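Note sheet for the following structure.
Rule-based calculations on the coordinates, nothing more; no lab input. Keep in mind it's a predicted model, so treat the numbers as computed, not measured. Every residue, glycine as well, gets a Cβ built from its backbone with ideal geometry; the counts of neighbours run over all protein chains shown.
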Amino acid sequence: MKIFIDTANIDMIKEINSWGILDGVTTNPSLIAKEKTDLRTCVKKISEIVDGPISAEAVSMTAEEMVKEGRELSAIHENINVKLPMCTEALKATKALSSEGIDVNMTLIFSPHQALLAAKAGARYVSPFVGRLDDIGQNGTEMLSQIVAVFRNYDFDTEIIAASIRHPMHALDAALLGADIATIPYDVLKKMVLHPKTDEGIKFFLADHEKSKKK
Ligand code: G3P
C-alpha cells in the first residue's frame, strides 16, 4: 500500500518524507486554509520536497471551469493531479481532463456507486472518505471494501485512496482490504510508529548494554 500524507503543512511533509516511507501528498481547501497559504504556492513547495503524486483541489463548479482550473493546476508541476468533488459536472470534467492525460482524483466519495462512475469517467484516483461516513453512524470501512471488490471485478486502472483516515485502525483496515493508497494525517502516522513494548524493549536493551560495559 502506498502512503500519502493528508496535509498542506510543509514542516510535517518534510518530517514524514525524511522517514523514507512517503509516496505522495493530498491537500484540500480546508487543509490549505489552515496553513494560511494559497494553493498554488503550497503545491509548488510540496513538489520541491516530495517525488510523488500531489493532489490539488479545484473549486470550480461547472465542467468547463473545472477543466480550465484543472489544466492550470496540473501545469504547476508534472506530479500534480487535480482533485474534483464528485458530481455530474466533475464526471464530465474528469472525462475531458483524463483524455488530455491530466490525472484526476475524484474526492468526496461516499458510496461504491460514486466510485464506479468516477472510474468509468477515467479518474486516476478515487478518494472514499472513511472517517466522515463513520461520523454519521455508517460504516466507512464497509464502503471501502465494496469499492475494492467492484474495482477488482473489472480490473480498473483507477487507484483507491482511502481518505478521511482518523486513527491507525483505519490505516490497517485500508491495508487489509487492499486499498492502493491510504492518505494519512501527520498525527496518525506518528501513532503508527509507536508501540509500548518497543519503547520498553529499547529501554531494557540500553540498560543491559550499560551493565555489560561495566563487567
Ligand atoms: O483530504 C480529504 C480527507 O482525507 C479529509 O479528511 O478528516 O477532514 O474527514 P477529514
note = With a Förster distance of 22 angstrom and the Cβ-Cβ distance between E78 and D180, calculated FRET efficiency to the nearest 0.05 equals 0.65
query = Going from the alpha-carbon gyration tensor of region 111-167, what semi-axes, largest first and in whole Å, does one get by taking the root of 5 times each eigenvalue?
reply = 20, 11, 9
ask   = Hey, what's the Kirkwood Rh for region 94-215 if you take every pair of different alpha carbons, in angstrom?
value = 16.3 Å
query = From the backbone phi of region 184-193, what are the Karplus-calculated ³J(HN,Hα) couplings (6.51 cos²θ - 1.76 cosθ + 1.60, θ = phi - 60°) in whole Hz, Gly and Pro given as x?
reply = 10, x, 3, 5, 6, 4, 4, 5, 5, 6
ask   = Straight-line reach from K14: which lysines have a Cα under 24 Å away, not including same-chain ones fewer than 8 places off?
value = K2, K34, K36, K44, K45, K83, K190, K191
ask   = If you bin every alpha carbon distance in the chain into 10 Å steps from zero, what whole percent lands in each bin?
value = 8, 32, 33, 15, 5, 4, 1, 0
key: Residue-averaged 222 nm ellipticity for the chain, from DSSP H runs of 4+ at -39500 (n - 2.57), nearest 500   = -16500 deg cm²/dmol
inquiry  = For the pair R152/E200, report the inter-label distance in nm, with labels modelled 7 Å from Cα in the Cβ direction.
reply    = 3.6 nm
request  = Using a Förster distance of 45 angstrom, determine the FRET efficiency expected from the C-beta separation of E35 and K215, and round it to 0.05.
outcome  = 0.25
remark   = Under the 7 Å Cα-to-Cβ spin-label approximation, Q138 and I10 lie apart by a distance in nanometres of 3.8 nm
request  = Work out the FRET efficiency for K2 and E64 from their Cβ-Cβ distance, taking R0 = 35 Å, and round it to the nearest 0.05.
outcome  = 0.60
query = Put a dot 7 Å past each Cα toward the Cβ at W19 and V193; how far apart are the dots in nm?
reply = 0.7 nm
query = Whose amide H sits under 5 Å from the amide H of V104, counting only residues 5 or more places off or on another chain, with H placed in the peptide plane?
reply = V82, R124, Y125
